[in-house]
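Undergrad: Provided herewith is a single structure, encoded as structure tokens, for subsequent inquiry.
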Amino acid sequence: MSKRAARHIAEMGRVITFLRLDEIDAAYEVLAGAFRNDRGVYLCGNGGSASTASHFAVDLGRAIRSSPGPRIRVVSLTDNVPWLTAVSNDDSFANCFADQLCNHLRTGDVLVGISASGDSENVVRAFEYARGVPGTSRLALIGFDGGRLADLATHCIWVDSYDYGIVESAHLFVGHLLAGMLGRGSCLQDVASARGKAGMLREATCLARDIPVAAATVDAAAVVRD
């Protein structure tokens, strides 16, 4: 048994060591951009990957915060059991995530799909739906040979293993890593600054047009680009 444990630990260390830093950095930029521009982040997966989606959502939504600073808008699509079962009963389990995105996903939002094989049908269909929404980013956490998600994603983090347990553990590691990177003081300061610029522009626009501040909307991404 000790040899088996040693092999598992060694394999876990190998796949973590061989994670591509450029993929992690790109994923960080996607999530930081959503945070900075007040865009939504939606996560999905099945089984162990569903629990990782929920865990990652909590880390993004609860752990990354400054008081009374901004927070990231994040939802795990795996957590609304009535909606999941309604779609599965009335339509198909394959559409249980895409159906929710029809209500939620907007331009500039981010979809995170977690699948060891990269071929989970309901995650694939969610990515196919998101591909039709302009300006959305699609981040796939995958293993094996990447599956169909590798082709549908705008960004991937690939784990070099065909072992479900190893891949799922590595995905959880990646979630903790990204949440830690996003929770750094410099990232929070950038977000607060970007949100502050958007707020000032909104107030100035309202004053110029003599309309209530709450009635105005501003594209924060446009503000950040200035």
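Undergrad: If you check 209, 138, 131, 148, which single one turns out to be modelled with pLDDT of 70 or more, charged (D, E, K, R) and surrounded by fewer than 16 Cβ atoms within 10 Å (Cβ to Cβ)?
TA: Result of the check over 209, 138, 131, 148: 131.
Undergrad: So, residue 70, is that one at pLDDT below 95 and farther than 27 Å from residue 15 by Cα or not? Walk me through how you get there before you give the answer.
TA: Working: at pLDDT below 95: yes; farther than 27 Å from residue 15 by Cα: yes.
Considered against the rule, which asks whether it is at pLDDT below 95 and farther than 27 Å from residue 15 by Cα, residue 70 comes out as yes.
Undergrad: So, in region 81-105, exactly how many residues are assigned to a helix (DSSP H, G or I), within 13 Å of residue 130 (Cβ to Cβ) and in contact with a helix residue (DSSP H, G or I) (Cβ under 8 Å, 6 or more places away or on another chain)?
TA: Of the residues in that region, 5 qualify.
Table: residues versus (1) part of a loop (DSSP other than H, G, I, E, B); (2) at pLDDT below 95; (3) over 22 Å from residue 165 (Cα atoms).
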{"site": "53", "(1), (2), (3)": "no, no, no"}
{"site": "107", "(1), (2), (3)": "yes, no, yes"}
{"site": "111", "(1), (2), (3)": "no, no, yes"}
{"site": "124", "(1), (2), (3)": "no, no, no"}
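Undergrad: Scan region 1-31 for residues that are in contact with an Asp or Glu (Cβ under 9 Å, 6 or more places away or on another chain), closer than 17 Å to residue 141 by Cα and in a helix (DSSP H, G or I) and jot them down.
TA: Passing the criteria: only 15.
Let's see how each residue does on (1) over 18 Å from residue 174 (Cα atoms); (2) not β-branched (Val, Ile, Thr):
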site	(1), (2)
100	yes, yes
113	no, yes
119	yes, yes
124	yes, no
135	yes, yes
141	no, yes
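Undergrad: Is there a residue being charged (D, E, K, R) and buried (at least 18 other Cβ atoms within 10 Å of the Cβ) anywhere in region 92-99?
TA: There is at least one residue in region 92-99 that is charged (D, E, K, R) and buried (at least 18 other Cβ atoms within 10 Å of the Cβ).
Undergrad: Somewhere in region 162-169, is a residue in the same structural domain as residue 34 (by TED's automatic domain parsing) and touching a Leu at 6+ places or on another chain (Cβ under 8 Å)?
TA: No, every residue in region 162-169 fails to be in the same structural domain as residue 34 (by TED's automatic domain parsing) and touching a Leu at 6+ places or on another chain (Cβ under 8 Å).
Undergrad: Inspect all residues belonging to region 70-83 and state whether any of them is closer than 24 Å to residue 174 by Cα and without any contact (Cβ under 8 Å) to a residue 12 or more places away in the chain.
TA: yes
The values are calculated or read from the model by the stated rules, or taken from the named source; none is laboratory data. Since this is a predicted model, take the numbers as computed values, not measurements. Using ideal geometry, Cβ is built from the backbone for each residue, glycine included, and neighbour counts are taken over all protein chains shown.
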